[in-house]
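Read the structure below first, then the notes.
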Amino acid sequence: MTHARVLKYGLAAMEADSFENRLAALVGQPISAAGPTTSPDPVNQPMIRHWAAAFEDRNPVYVDADAAARSRFGEIVAPPLMLQTWTMATPQITGIAERGGSPVEGTRAAVLTLLDDAGFVGTLASNSEFEIVRYLKLGDEVSATTVLESVSPEKQTRLGAGHFVTWVTTYTDAAGAVVGRQRFRILKFRPGGAPA
Amino acid sequence: MSDVVQSMDWRTVAVGDELPAMVIDVTATRIVAGAIASRDFMPVHHDRAYAQSQGAPDVFMNILSDTGYCSRFLTDWAGPDTMVRRLAIRLGVPVFPGHTLTYTGQVVGLSRDSDEGLVDVAFRALNELGEHVSGTATIGLPVPQESSP
């Protein structure tokens, strides 16, 4: 092996190491430096009624106070999978398309920029997993903190080489008690499976 | 469709029991209603022209709608005293207007947790393109105290 080739391979290894290290450094970090996202409105009947109507979910514990009182819950509860809805950003409609579909102005998560810059520009949502600790009641105030939980080593997928990125969001009530968690996983891939 | 009033008795549930299928006729209205009710304003879920500019043939269902329908599928079956403890889905092909989405599932496990009976369910939802979601869930039901003989 020539000196030049050794140098080239050494640099490539350093670059790869640097990329992996930069990914690893983001794991465990919150995606926002601004702290938890708090629901703009407490858990409320109008939003629950709107949600139940959209999905034609006729579970009476969401909208019928009498039926809810007779249930195990004793009062109206929010649909458990509305957990993520309470803290969704209030959209800024003007400019939504120009922002690439992002409902609000914001900075792109550092892990996504890092993967984009390395050629993993494709994005495919892969998994959504919820753990419900307790059902929310009317008046509950919800906060969410999202942390980058893991970035997989590079894997070959049918879409091309890529990394699975997993965030975990912890939802808490006004007292700080955990009410649920969500894991969300995407695949960031190099479209067409083109080599690096 | 009848209203959900009666909850299932956990003691009568068996591994292998099939959940009643839930069939959703998907329209643009349904997709938009679900996206907005879940406060997901990404234009691919309500603006066909925008969706097409992103390479999709039409608006498509958002993930918060998927988890919403999954929870309805579980509680339509098990009743209002159900507590959804855990829901995990894997995402497959997209859902567009004109599709029929059919949810099926079966009981794969039973256990007890203090005063609650737990049921593990494996499920999937298929449309014309293939498997839209597959997943597992754990629901809890209150178990009546056994009366003394």
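The values are calculated or read from the model by the stated rules, or taken from the named source; none is laboratory data. Keep in mind that what you see is a predicted model, and the values were worked out from it rather than measured. Here the Cβ positions follow ideal geometry from the backbone for every residue, glycine too, while neighbour counts run over all protein chains shown. To get the accessible areas, we keep the full protein, side chains included, count just its heavy atoms, and leave off ligands, DNA and RNA. Shrake-Rupley method; radii C 1.70, N 1.55, O 1.52, S 1.80 Å.
Within 9 Å of another protein chain (Cβ to nearest Cβ), within 16 Å of the chain's Cα centre (by Cα) and either open to solvent by less than 40 Å² (accessible area, probe 1.4 Å) or not small (Gly, Ala, Ser) (or both): is that true of A:LEU124 in this structure? Yes.
When the stretch A:26-41 is filtered for residues that are open to solvent by 20 Å² or more (accessible area, probe 1.4 Å) and either within 11 Å of chain B (Cβ to nearest Cβ) or charged (D, E, K, R) (or both), the ones remaining, listed by number, are A:PRO40, A:ASP41.
Being of a type in the set (A, V, I, L, M, F, W, C) and either surrounded by fewer than 19 Cβ atoms within 10 Å (Cβ to Cβ) or closer than 25 Å to A:VAL77 by Cα (or both) is a description that does not apply to B:PHE96.
Residue count for the stretch A:128-164 satisfying the condition of being within 14 Å of another protein chain (Cβ to nearest Cβ), in contact with a Ser or Thr (Cβ under 9 Å, 6 or more places away or on another chain) and open to solvent by less than 20 Å² (accessible area, probe 1.4 Å): 4.
Checking the stretch B:127-147 against the condition returns no match, with no residue being free of Cβ contacts under 8 Å to residues at least 24 places away in the same chain, in contact with a strand residue (DSSP E or B) (Cβ under 9 Å, 6 or more places away or on another chain), open to solvent by 20 Å² or more (accessible area, probe 1.4 Å) and over 25 Å from B:VAL32 (Cβ atoms).
Consider A:ARG108 carefully, then state whether it is surrounded by fewer than 18 Cβ atoms within 10 Å (Cβ to Cβ), within 13 Å of another protein chain (Cβ to nearest Cβ) and charged (D, E, K, R). Step through it out loud before you land on a result.
On the way: surrounded by fewer than 18 Cβ atoms within 10 Å (Cβ to Cβ): yes; within 13 Å of another protein chain (Cβ to nearest Cβ): no; charged (D, E, K, R): yes.
Spelling it out, it is not the case that A:ARG108 is surrounded by fewer than 18 Cβ atoms within 10 Å (Cβ to Cβ), within 13 Å of another protein chain (Cβ to nearest Cβ) and charged (D, E, K, R).
If the condition is being open to solvent by 10 Å² or more (accessible area, probe 1.4 Å) and more than 9 Å from chain A (Cβ to nearest Cβ), then the stretch B:62-88 contributes only B:TRP77.
Within the stretch A:127-145, track down each residue that is part of a strand (DSSP E or B) and under 20 Å from the mean Cα position of the chain (by Cα). Passing the criteria: A:ASN127, A:SER128, A:GLU129, A:PHE130, A:GLU131, A:ILE132, A:SER143, A:ALA144, A:THR145. Considered as a group, the residues in the stretch A:42-71 that are assigned to a loop (DSSP other than H, G, I, E, B) and open to solvent by 40 Å² or more (accessible area, probe 1.4 Å) include one that is nearest to A:ALA175 (Cα to Cα), and that residue is A:PRO42.
In the stretch A:72-92, how many are over 14 Å from B:ALA35 (Cα atoms), open to solvent by 20 Å² or more (accessible area, probe 1.4 Å) and at the interface with chain B (Cβ under 7 Å from one of its Cβ atoms)?
Just the residues of the stretch A:72-92 that are over 14 Å from B:ALA35 (Cα atoms), to begin with: A:72-80, A:83, A:87, A:92.
Subsequent filtering for residues that are open to solvent by 20 Å² or more (accessible area, probe 1.4 Å) retains A:72-75, A:92.
Subsequent filtering for residues that are at the interface with chain B (Cβ under 7 Å from one of its Cβ atoms) retains A:72.
Looking only at that region, the number is 1.
Just give me the residues in the stretch A:75-87 being in contact with a helix residue (DSSP H, G or I) (Cβ under 7 Å, 6 or more places away or on another chain) and in a loop (DSSP other than H, G, I, E, B), in sequence order. Show your work before the answer.
Restricting attention to the stretch A:75-87, the residues satisfying the condition of being in contact with a helix residue (DSSP H, G or I) (Cβ under 7 Å, 6 or more places away or on another chain) are A:75-82, A:84-85.
A:GLU75, A:ILE76, A:ALA78, A:PRO79 - these are the residues of the stretch A:75-87 that are in contact with a helix residue (DSSP H, G or I) (Cβ under 7 Å, 6 or more places away or on another chain) and in a loop (DSSP other than H, G, I, E, B).
Tally time: how many residues in the stretch B:36-50 are more than 7 Å from chain A (Cβ to nearest Cβ) and crowded, with 21+ Cβ neighbours inside 10 Å? Selection size over the stretch B:36-50: 1.
Screening B:TYR103 against (1) in contact with a Lys or Arg (Cβ under 9 Å, 6 or more places away or on another chain); (2) surrounded by fewer than 17 Cβ atoms within 10 Å (Cβ to Cβ); (3) within 13 Å of chain A (Cβ to nearest Cβ); (4) not small (Gly, Ala, Ser) leaves a single unmet condition, (2).
Assess whether B:GLY55 counts as being open to solvent by 20 Å² or more (accessible area, probe 1.4 Å), more than 8 Å from chain A (Cβ to nearest Cβ) and at pLDDT 95 or above. Talk me through it step by step, then tell me what you get.
Working: open to solvent by 20 Å² or more (accessible area, probe 1.4 Å): yes; more than 8 Å from chain A (Cβ to nearest Cβ): yes; at pLDDT 95 or above: no.
No; evaluated as a whole, the condition is false for this residue.
Assess whether A:PHE184 counts as being of a type outside the set (Val, Ile, Thr) and either over 17 Å from the mean Cα position of the chain (by Cα) or open to solvent by less than 50 Å² (accessible area, probe 1.4 Å) (or both). Lay out the reasoning, then the answer.
On the way: of a type outside the set (Val, Ile, Thr): yes; either over 17 Å from the mean Cα position of the chain (by Cα) or open to solvent by less than 50 Å² (accessible area, probe 1.4 Å) (or both): no.
Spelling it out, it is not the case that A:PHE184 is of a type outside the set (Val, Ile, Thr) and either over 17 Å from the mean Cα position of the chain (by Cα) or open to solvent by less than 50 Å² (accessible area, probe 1.4 Å) (or both).
Is it the case that some residue within the stretch B:27-35 is in contact with a Leu (Cβ under 6 Å, 6 or more places away or on another chain) and within 12 Å of another protein chain (Cβ to nearest Cβ)? Among the residues of the stretch B:27-35, not one is in contact with a Leu (Cβ under 6 Å, 6 or more places away or on another chain) and within 12 Å of another protein chain (Cβ to nearest Cβ), which makes the answer no.
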